[in-house]
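The values are calculated or read from the model by the stated rules, or taken from the named source; none is laboratory data. All figures in this text were calculated on a predicted structure; none of them were measured in a lab. Because the Cβ atoms are built from the backbone with ideal geometry, glycine has one as well, and the counts that use them run over all protein chains shown.
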Amino acid sequence: MKKKLAFLCFVFVLLLLIPALKPVEKDAPVKKATTIFLNEKKNLEKNTKELSDLINEYLQTGKISKQVIEKKLLSCRMEYKKMEWAIAYYYPSVAVRINGTDVMEEEEPEEFEPAHGMQTIENIVLQENPPDEQQKARLKDELMRLHTTIVSLSEAISLLAGSSNSEMLTALKYEIIKVTTLGFTEYDNPVMKNYLVESVTALNSVRDNLKLFDKLVSPALIIKTDSLFANATAFIQQNKKLDKFNRLNFIVDHYLGLSKLVDEYAAELKITYTGYNPNINLQTTSIFDMKSFNFFYGNGDTTTQVARVNLGKNLFFDPVLSGNNKRFCASCHLPEKAFTDGLPKSIAFDPNQFVGRNAPTVLNSCLQVSFFNDSREASLEEQIAAVVNNPKELNNSFAVIVARLEKNEVYPKMFDAAFPGQGISASGIKKAIADYEKTLVGFNSDFDKYLNGDKTKLNASQIKGFNLFMGKAKCGSCHFFPLFNGVIPPLYNKSEFEIIGTLENNDFKHPRLDADKGAAAIKSGAEHLKFGFKVPTLRNVALTDPYMHNGSLKTLNEVMKFYNKGGGKGLGLDIPNQTLSDEALGLKKQEVNDIINFLNALTDTTGITSKPAFTNKN
């Protein structure tokens, strides 16, 4: 009897243990994330419906206060931030319709499509003056679009539901990058300015979705997850005032740890990040590691790379590229001037004339997705060809250049080393120069050294300057960290255009708008891009004066004065399509000095070297 009872007890205990012994499904996190996503979608749908009802009543009766609408709008934004990691990655076109930022990108179609979603709604409703009839009509349209878009997420859920753990971790790592690079600026929250609160919600959502992997990772990693996210969100929450929030401390003390944490999940799960974006290498720990950007790294034949770079460097400094054998790439891009020429507008092929625009730096030029101030070329190779063929620049043809190089004693050997068995060709010339320019990448400024642990490299003024740059001065809403150009995080696959109302000269008392139409001059029918230019890099900006596409501003103090006044429109010029806010920034003299001191810390003279040992003498 005792044996039978003992056996029954054993069986009972075994039955209790069977569920625990059952292997955990590897795709369980994705399934759970999908379920949570659908529930959050219902909450967002409910909140946006309530928002729509409030705004419609406000428009009809005027009895609903803006404070009530703002509170409900914040609820909608918070619900969206819980889902942002998934929507931004799996459904980027949907993200634009829900919370589109009112900026222009270089890929804009000729028919301009304005921003949609919650930002557009808050821009209209929360403005100082009541909306006019045209704005009321747009509000109603936006509310309908928003509701329809959110409802449709149920139908589009298959992308998330059918994904892998690898894709899910990729999406979560992108969200951490997005919070760090955009979340602490006014990029997608310019009116309500609740971005600190929203960043906490976004980070908590990343944490909650990482916790779905609990049964697949070690207990130590689970504990570490709770600790790191608790510390990061507590740091944000203790900074109630936007102007007191130390973004730099968050980046150094918290972002890096969170980014490494996701890498530890990938390592324990034995998976690698996957995704559709070729520009970013997520295998690197942090976004301020130069090798995070695949614009150059990992591309091309590494066996002949040194030979191609050596060839390209020689060609860059060789007048053989010009029609008169007198000008060369370095005529406008001098190493000692951070690969600019120090002139408002560069000297043309005819030495008595000038080209139409200021010469941009070549340093970090490969960390872009388009080239020239108006983004008319999509690659360095195409940019090089355009300069060679331009009558005002090198005024030559590749057929002439190839013939000259073939007669040279040294170049045929250099081409054979760089492009074995291919001979001298136009494509080889373009590729070699581009590969040389791709070596002129610098992430070793004092600012970068500070990010990487040497906290002696920035002084108090420079730290304040960075925080002003990202916050009150709004610079970081267009010159995105860490590239400080217009390539938009976290995917870095599109570049922003801005219409700022550039002046003809530095006469602020009698301002005149520069006549250069920018991107509109090369895109037929693109009137919305009139006076629009690609946002340039600010790395090495202390060395690249004068400034603006026309070299109209001579010093960084003048540049800061221009922006502090609200651009051309803020100075009283009639620019209906100016994308830069025309409101004065209200920066004090010391704040301006702090920002300039920070910009000085972006100087990295990588590539500022002597000319190559050999150049063509024929």
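Among the residues of segment 228-257, just one is of a type in the set (Ser, Thr, Tyr) and more than 16 Å from Val197 (Cα to Cα), namely Tyr255.
Scanning segment 231-283 for residues that are hydroxyl-bearing (Ser, Thr, Tyr), without any contact (Cβ under 8 Å) to a residue 60 or more places away in the chain and closer than 17 Å to Val179 by Cβ gives a single hit, Thr233.
Of the helices (runs of 4 or more DSSP H) lying entirely inside segment 54-173, those containing at least 1 residues that are free of Cβ contacts under 8 Å to residues at least 40 places away in the same chain and closer than 30 Å to Phe213 by Cα span 66-90, 92-99, 158-161.
Against the condition surrounded by 21 or more Cβ atoms within 10 Å (Cβ to Cβ), in contact with a helix residue (DSSP H, G or I) (Cβ under 9 Å, 6 or more places away or on another chain), aliphatic (A, V, I, L, M) and not in a loop (DSSP other than H, G, I, E, B), how does Ala232 come out, does it pass? Show your work before the answer.
Values: surrounded by 21 or more Cβ atoms within 10 Å (Cβ to Cβ): yes; in contact with a helix residue (DSSP H, G or I) (Cβ under 9 Å, 6 or more places away or on another chain): yes; aliphatic (A, V, I, L, M): yes; not in a loop (DSSP other than H, G, I, E, B): yes.
Taking the combined requirement at face value, the residue satisfies it.
From Lys63, Lys81, Lys71, grab the single residue that is farther than 23 Å from Glu175 by Cβ and either at pLDDT 90 or above or among the acidic types (Asp, Glu) (or both).
Answer to the selection: Lys71.
With the requirement that a residue be touching a residue at least 12 places away in the same chain (Cβ under 8 Å) and either within 16 Å of Ser425 (Cα to Cα) or in a helix (DSSP H, G or I) (or both), what does segment 305-317 give you? Of everything in segment 305-317, those that are touching a residue at least 12 places away in the same chain (Cβ under 8 Å) and either within 16 Å of Ser425 (Cα to Cα) or in a helix (DSSP H, G or I) (or both) turn out to be Gln305, Ala307, Arg308, Val309, Asn310, Leu311, Gly312, Lys313, Asn314, Leu315, Phe316.
Residue-by-condition table, conditions (1) assigned to a strand (DSSP E or B); (2) β-branched (Val, Ile, Thr); (3) free of Cβ contacts under 8 Å to residues at least 24 places away in the same chain:
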| position | (1), (2), (3) |
| --- | --- |
| Asn358 | no, no, no |
| Asn364 | no, no, no |
| Val369 | no, yes, no |
| Pro391 | no, no, no |
| Val402 | no, yes, no |
| Lys413 | no, no, yes |
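Look at Phe288 and say whether it is in a helix (DSSP H, G or I) and either of a type in the set (S, T, N, Q) or closer than 17 Å to Asn452 by Cβ (or both).
Working: in a helix (DSSP H, G or I): no; either of a type in the set (S, T, N, Q) or closer than 17 Å to Asn452 by Cβ (or both): yes.
In short, no.
Output yes when any residue across segment 451-459 is over 26 Å from Ser259 (Cα atoms), at pLDDT 95 or above and either touching a strand residue (DSSP E or B) at 6+ places or on another chain (Cβ under 6 Å) or aliphatic (A, V, I, L, M) (or both), and no when none is. Scanning segment 451-459 turns up no residue that is over 26 Å from Ser259 (Cα atoms), at pLDDT 95 or above and either touching a strand residue (DSSP E or B) at 6+ places or on another chain (Cβ under 6 Å) or aliphatic (A, V, I, L, M) (or both).
With respect to Val197, is the statement that it is touching an Asp or Glu at 6+ places or on another chain (Cβ under 7 Å) and surrounded by fewer than 21 Cβ atoms within 10 Å (Cβ to Cβ) true? Let's see the steps before the verdict.
Values: touching an Asp or Glu at 6+ places or on another chain (Cβ under 7 Å): no; surrounded by fewer than 21 Cβ atoms within 10 Å (Cβ to Cβ): yes.
Taking the combined requirement at face value, the residue does not satisfy it.
If the condition is being of a type outside the set (Val, Ile, Thr), within 26 Å of Leu242 (Cβ to Cβ), out of contact with any Gly (no Cβ under 9 Å at 6 or more places or on another chain) and part of a helix (DSSP H, G or I), then segment 432-470 contributes Asp446, Phe447, Tyr450, Leu451, Ala460, Ser461, Gln462, Lys464, Gly465, Asn467, Leu468. Scanning segment 200-220 for residues that are crowded, with 17+ Cβ neighbours inside 10 Å and touching a residue at least 40 places away in the same chain (Cβ under 8 Å) gives Thr201, Ala202, Leu203, Ser205, Val206, Asn209, Leu210, Leu212, Phe213, Val217.
Quick check, is Gln134 under 24 Å from Val68 (Cα atoms) and in contact with a helix residue (DSSP H, G or I) (Cβ under 9 Å, 6 or more places away or on another chain)? Show your work before the answer.
On the way: under 24 Å from Val68 (Cα atoms): yes; in contact with a helix residue (DSSP H, G or I) (Cβ under 9 Å, 6 or more places away or on another chain): no.
No, not satisfied.
Only one of the listed residues (Leu153, Leu126, Leu146) is more than 23 Å from the chain's Cα centre (by Cα) and modelled with pLDDT of 90 or more. That residue is Leu146.
Only residues that are assigned to a loop (DSSP other than H, G, I, E, B) and surrounded by 15 or more Cβ atoms within 10 Å (Cβ to Cβ): list them for segment 258-273, please. Result: Ile271, Tyr273. For Glu498, all conditions in the list (1) modelled with pLDDT under 95; (2) more than 17 Å from Lys565 (Cα to Cα) hold save one; what is the number of the exception? Condition (2) is where Glu498 drops out.
As a summary of the residue check, Lys523 satisfies the conditions (1) surrounded by fewer than 23 Cβ atoms within 10 Å (Cβ to Cβ); (2) under 25 Å from Leu182 (Cβ atoms) except for the one numbered (2). Among the criteria (1) small (Gly, Ala, Ser); (2) crowded, with 22+ Cβ neighbours inside 10 Å; (3) more than 14 Å from Asn314 (Cα to Cα), the one Ala399 does not fulfil is (2). Which ones in segment 174-194 are part of a loop (DSSP other than H, G, I, E, B) and touching a residue at least 60 places away in the same chain (Cβ under 8 Å)? Within segment 174-194, Leu182, Phe184, Thr185, Glu186, Tyr187, Asp188, Asn189, Pro190, Val191, Met192, Asn194 meet the criteria.
Is segment 480-495 home to any residue that is free of Cβ contacts under 8 Å to residues at least 60 places away in the same chain, β-branched (Val, Ile, Thr) and in contact with an Asp or Glu (Cβ under 9 Å, 6 or more places away or on another chain)? No, there is no match, as no residue in segment 480-495 is free of Cβ contacts under 8 Å to residues at least 60 places away in the same chain, β-branched (Val, Ile, Thr) and in contact with an Asp or Glu (Cβ under 9 Å, 6 or more places away or on another chain). Per this entry, Phe213 is not counted among residues that are of a type outside the set (Val, Ile, Thr) and under 20 Å from Ile287 (Cβ atoms). Scan segment 424-445 for residues that are farther than 21 Å from Pro612 by Cβ and buried (at least 19 other Cβ atoms within 10 Å of the Cβ) and the total you get is 2. Assess whether Asn506 counts as being more than 26 Å from Glu381 (Cα to Cα) and either assigned to a loop (DSSP other than H, G, I, E, B) or among the aliphatic types (A, V, I, L, M) (or both). The answer is yes for Asn506.
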